[in-house]
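The values are calculated or read from the model by the stated rules, or taken from the named source; none is laboratory data. Keep in mind that this is a model prediction, so the values were computed, not measured. Counting neighbours? That spans all protein chains shown, and the Cβs are built from the backbone with ideal geometry, glycine included. Only protein heavy atoms, including side chains, enter the accessible area calculation; ligands, DNA and RNA are left aside. Shrake-Rupley method; radii C 1.70, N 1.55, O 1.52, S 1.80 Å.
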Amino acid sequence: MSTETLLERINAYASRPDPYPLYAELREHGVARQNDGSYLVGTYHEITALLHDPRVSSDTRHRTDPDDVLARTGGLPPSFIGVDDPEHDRLRRLAMRPFGPPHSPYRVEELHTDIVEIARELIAGLRDRDRIDIVDDFAYPLPVTVICRLLGVPQEDMPELRGWTNTIIASLDRSPDDDPAGRRRAGVEARMAMGQYLGALADRRREHPADDMISALVHDDGPDGRLTQTELMTSLTLLTIAGHETTVNLITNGVLTLLRYPEELARLRAQPDLMPSAVEELLRYEPPVHMLPQRTPLTDIEVAGVTVPKGAPLYLMLASGNRDPLQFQDPDRFDPTRRDNQHFGFGGGIHNCFGAPLARVETQVALTELLHHLLDPRLVEDPPPYRHSPILRGPRHLLVSQGTGASAGR
């Protein structure tokens, strides 16, 4: 009989292709205490309540083991997703000013034409190829190119940024099967290097502004003042990573799901106006972020009859909540026409992903254009090889054999 805890089984790489049976087991527990003192919550209504509960902190410095937190951060200040109000609200407002409403209401809308052009350029490079890797050939370069243009990061620097991003994400993995201390150290070093790079880029924009978000951030004199250099470095690091990493997974998981549901793929080809609804369903059915591991109660709280003590690590298992039958009818079925789809694909509460409008547009465009091009797509391997992270879950590669010869009018 296995002695592994539920969290260890979820984190195990063998569970990556299909963690959903483990999430169903978690929902039967309601709240599951683990041997390390952490608590897992996997039911929809409890997660919703906790996402909006001011007694639950996103700042891991409130945990009962601050030494562990320092080991994971190297003492660096967290970005705005890792602090609470009022500091979170101030930092988020400053970051939002050049990105979206009310100060820049048309930023994402104005990007739509660029996103379509980038998608079609990438697809043009796939023509007459019998086999493509959806990740490396399309799902990664599309959002990376978009976030580079949006922020003002030189595209030629993205390979180095990709290396830092992969190291930072690997450092979040709590699986004990290799060298967790080494992963943490490497993650701290990568975060520092990435922050210094972006800080230097911001310094150049102060002297030579351009039409990009970094220039807007360093020259913004709004009512909250400006971000300090450290705040700018941590915020830009977050925006660069979050601006492409989750969208890569969302696009790739979307292609994989549609290839597993050929009847729905055919329906979306015939009814492209269903794509926005389909993307919402993908955010529920195969979300890019599976858990929020950094929540901490500021006081003892009761969740589904279980007392979670102050300072205990609290895991909100978003992907489990997305399959809760108490909220979603037939939750294990992919249904692009699902109504009232209040999923956790972008989190919830004050930390709801502010890049959600951009990710939605990118994914809608990406899948629409791919469906137009891939006339006879077939999975080469199912399940595909997955990335290691149980938090940001998606295929590392998705090899597809294809029929060629997309519409000549595109």
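The heavy atoms of Ile123 present about 10 square angstrom of accessible area, all protein chains included, probe 1.4 Å. Using 1/(1 + (r/R0)^6) with R0 = 51 angstrom and r between the beta carbons of Met192 and Glu4, what's the FRET efficiency to the nearest 0.05? Calculated transfer efficiency: 0.90.
Summed over qualifying helices (DSSP H, 4 residues or more, each -39500 (n - 2.57)) and divided by its residue number, the chain shows a 222 nm mean residue ellipticity of -14500 deg cm²/dmol. Residue-wise HN-Hα couplings along segment 208-215, as the Karplus relation 6.51 cos²θ - 1.76 cosθ + 1.60 with θ = phi - 60° gives them from phi, are 9, x, 10, 8, 8, 5, 4, 4 Hz; Gly and Pro carry x. Less than 5 angstrom separates the built amide H of Ser57 from those of Thr296, Leu298, all sequence-distant by 5 or more or on a different chain. If R0 is taken as 51 Å, the Cβ-Cβ distance between Asp382 and Asp221 corresponds to a FRET efficiency of 0.45.
When each full DSSP H helix of the chain is screened for a Cα extent of at least 20 Å along its own axis and an average Kyte-Doolittle hydropathy of at least -1.0, the helices passing are 107-124, 180-207, 245-260, 356-373. Among residues other than Thr145 with Cβ under 11 Å from its Cβ, the summed charge is -3 (Lys and Arg +1, Asp and Glu -1). Within the shell of other residues whose beta carbon sits under 13 angstrom from the beta carbon of Ser58, the net charge comes to -1, with Lys and Arg scored +1 and Asp and Glu -1.
Heavy-atom accessible surface of the chain, averaged per residue, reaches 43 Å², computed with a 1.4 Å probe.
On the chain, 52 percent of the accessible area sits on carbon and sulfur atoms, based on a 1.4 Å probe.
Amide H contacts for Ile301 (H built 1.01 Å from N in the peptide plane; partners 5 or more residues away or on another chain; cut-off under 5 Å): Val308, Lys310. Derived scalar couplings between HN and Hα for segment 318-331 equal 4, 5, 5, x, 5, 10, 6, x, 6, 10, 10, 5, 6, x Hz in order, rounded to whole Hz, by the Karplus curve 6.51 cos²θ - 1.76 cosθ + 1.60 (θ = phi - 60°), x for Gly and Pro.
Sort Asp212, Asp114, Asp300 by heavy-atom solvent-accessible area, probe 1.4 angstrom, most to least.
From most accessible down to least: Asp300, Asp114, Asp212.
Between Leu274 and Arg185, the FRET efficiency from the beta-carbon distance, with R0 = 41 Å, is close to 0.30.
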